[in-house]
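Asks: Handing you this structure, nothing more for now.
The values are calculated or read from the model by the stated rules, or taken from the named source; none is laboratory data. This structure is a prediction, so every number in the text was calculated from the model and none was measured. A quick note on method: Cβ atoms are made from the backbone with ideal geometry, for glycine too, and the neighbour counts reach across all protein chains shown. Ligands, DNA and RNA are stripped out before the accessible areas are found, and what is left, the full protein with its side chains, is counted by its heavy atoms. Shrake-Rupley method; radii C 1.70, N 1.55, O 1.52, S 1.80 Å.
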Amino acid sequence: MKQLTFILVALILSACSNIKKQKFTERIIKDGVEYTQEVKIDFVTETGEIDSPYLNSIHCTKLNSISFPENKLQNAVKDQEVIPYDLTKSDIKSGTASYYAIFTAYHFIQASEYYNNLMKEFVEPNIKDKDKNITVSIADQMPIANNNSHFVYSQKGKISPSPIYHKVGHRYEAFLREYTKAKYQKNRYISIGFMEYFTTSLNNSPLIFEGEVPPLMVRDVSIKLSYPINTEYCNTYRSILDLKEAYSDIYKDENSTMHHYIDIVLKSKETLKYLLDTHSAGMYISYPLWKIRETIGAKKADHLIMHAWTMLADEAKNNTNFYEANNGENVDDTIDWYTVVHALLKADQIDHNGENKELIRTIFTSINLPVERVQ
């Protein structure tokens, strides 16, 4: 028995010793200020592998361009080459593949752990294994290559963890929507609004995508928006026009990826005008949630808002019981603003004996919603 115990201890010590305990110095931008900070990269093994339940592997490339055969976005072909990186280096220089890889890995794991810990009290998260394999690319001004598993950095720009938190958030948003069978009004902008709240709360800044894109494309959840939603601004066509303006210098090059992408998308102008842009419309929900956070603090707000988010699907089934509709207003079992208000009030009653109910009502009333109809 003693020998078996010794073997088990030896195995545990051996496994632990395979984890690298050194720190990594990163330079980030937050609220317009650049600063450096040291972070612990104890998820890197002595051989340079990643040991984390949230991230399996990183593929690193130099992205040269993207082409669209037959002018179809679904036919996109990326011209890229694999480039090596080394996470075991003691001095990882900014602008290198190793720097972007370790930066992405650290914040990807941080965000995943954040979501997992917040959500598991209410539902047990189950993120697909394929979503734990990511690609990190170096490219000049190609944000359109970004997707939830592809992280693109320009050596000319500043970086922020916000885009990483945003993409990890999309994984958990998709999981929660599928798990709860949630049905959302108007292109699920409400769910994206909740997700973007957590993007900003984790980053401790109201700015989303700061540093990665031009100022015109940065979203700010601290800016007050009042209902009804301005659909002339919050539509996909408007978003593409903003992209065109933000990258006007690059768009002037008719051979650029940006030029080809924008021109292809704009061919669907009439359709895009009537398609709600979930991210810009989501700010109508992120703003009141951020105001709650400003009043009661991040920790308390995060827990309360996550609790409400996880119960939206069930609350929507009772919309007609707690919301007094206008004559002719269709109130079915889909999630709308009144579902959000009621879920927050219910979560607050469960978690805090309703001590924040007046705050919640006041904030949502301030954005021109008839909150008095929610019982």
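Asks: Is it the case that residue 359 is in contact with a Lys or Arg (Cβ under 6 Å, 6 or more places away or on another chain) and surrounded by fewer than 21 Cβ atoms within 10 Å (Cβ to Cβ)?
Replies: So residue 359 fails the test.
Asks: Collect the residues in the range 168-211 that are farther than 21 Å from residue 222 by Cα, in a helix (DSSP H, G or I), open to solvent by less than 30 Å² (accessible area, probe 1.4 Å) and out of contact with any Pro (no Cβ under 7 Å at 6 or more places or on another chain), keeping them in residue-number order.
Replies: 168, 171, 173, 176
Asks: Can you pull out every residue in the range 314-330 that is open to solvent by 20 Å² or more (accessible area, probe 1.4 Å) and not charged (D, E, K, R)?
Replies: Those that are open to solvent by 20 Å² or more (accessible area, probe 1.4 Å) and not charged (D, E, K, R): 318, 320, 321, 325, 326, 327, 328, 330.
Asks: Now for a separate question. Any idea which of 258, 306 is outside any loop (DSSP other than H, G, I, E, B), of a type in the set (A, V, I, L, M) and more than 25 Å from residue 224 (Cβ to Cβ)?
Replies: Going through 258, 306 in turn, just one is outside any loop (DSSP other than H, G, I, E, B), of a type in the set (A, V, I, L, M) and more than 25 Å from residue 224 (Cβ to Cβ): 258.
Asks: With respect to the numbered conditions (1) part of a helix (DSSP H, G or I); (2) surrounded by fewer than 18 Cβ atoms within 10 Å (Cβ to Cβ); (3) modelled with pLDDT under 95, which one is the sole condition not fulfilled by residue 232?
Replies: (1)
Asks: Scan the range 219-228 for residues that are open to solvent by 40 Å² or more (accessible area, probe 1.4 Å) and part of a loop (DSSP other than H, G, I, E, B) and jot them down.
Replies: Selection gives 222, 223, 224, 225, 226, 228.
Asks: Specify which of the listed residues (350, 335) is modelled with pLDDT of 95 or more and loosely packed, with under 14 Cβ neighbours inside 10 Å.
Replies: Sole residue among the options that is modelled with pLDDT of 95 or more and loosely packed, with under 14 Cβ neighbours inside 10 Å: 350.
Asks: Is there any pair with a first residue in the range 154-175 that is among the charged types (D, E, K, R) and a second that is not in a loop (DSSP other than H, G, I, E, B) whose Cβ atoms are under 6 Å apart and which are 6 or more apart or on different chains, and what are they?
Replies: Short answer, once both residue conditions are applied: 158/29; 171/131; 173/191; 173/195.
Asks: Take residues that are under 24 Å from the mean Cα position of the chain (by Cα) and tell me which of the strands (runs of 3 or more DSSP E) falling wholly in the range 20-132 contain 2 or more.
Replies: Passing ranges, in order: 23-30, 33-40, 57-67.
Asks: If I ask for residues that are out of contact with any strand residue (DSSP E or B) (no Cβ under 6 Å at 6 or more places or on another chain) and not charged (D, E, K, R), which ones from the range 106-116 would you list?
Replies: 107, 108, 109, 110, 111, 112, 114, 115, 116 - these are the residues of the range 106-116 that are out of contact with any strand residue (DSSP E or B) (no Cβ under 6 Å at 6 or more places or on another chain) and not charged (D, E, K, R).
Asks: Please enumerate the residues belonging to the range 340-365 that are free of Cβ contacts under 8 Å to residues at least 60 places away in the same chain and within 23 Å of residue 281 (Cα to Cα).
Replies: 341, 342, 343, 344, 345, 361, 362, 365
Asks: Kindly list, by first and then second residue, each pair from a residue in the range 242-268 that is without any contact (Cβ under 8 Å) to a residue 60 or more places away in the chain to a residue that is among the acidic types (Asp, Glu), limited to pairs with Cβ atoms under 7 Å and residues at least 6 apart or on different chains.
Replies: Correct list of pairs: 259/253.
Asks: Can I ask one more? Please specify each residue of the range 362-373 satisfying the condition of being crowded, with 21+ Cβ neighbours inside 10 Å and aliphatic (A, V, I, L, M).
Replies: Matches in the range 362-373: 363, 369.
Asks: Moving on to the next point. For the range 235-272, enumerate the residues that are over 24 Å from residue 63 (Cβ atoms) and either open to solvent by less than 80 Å² (accessible area, probe 1.4 Å) or modelled with pLDDT of 95 or more (or both).
Replies: Matches in the range 235-272: 235, 236, 237, 238, 241, 268, 269, 272.
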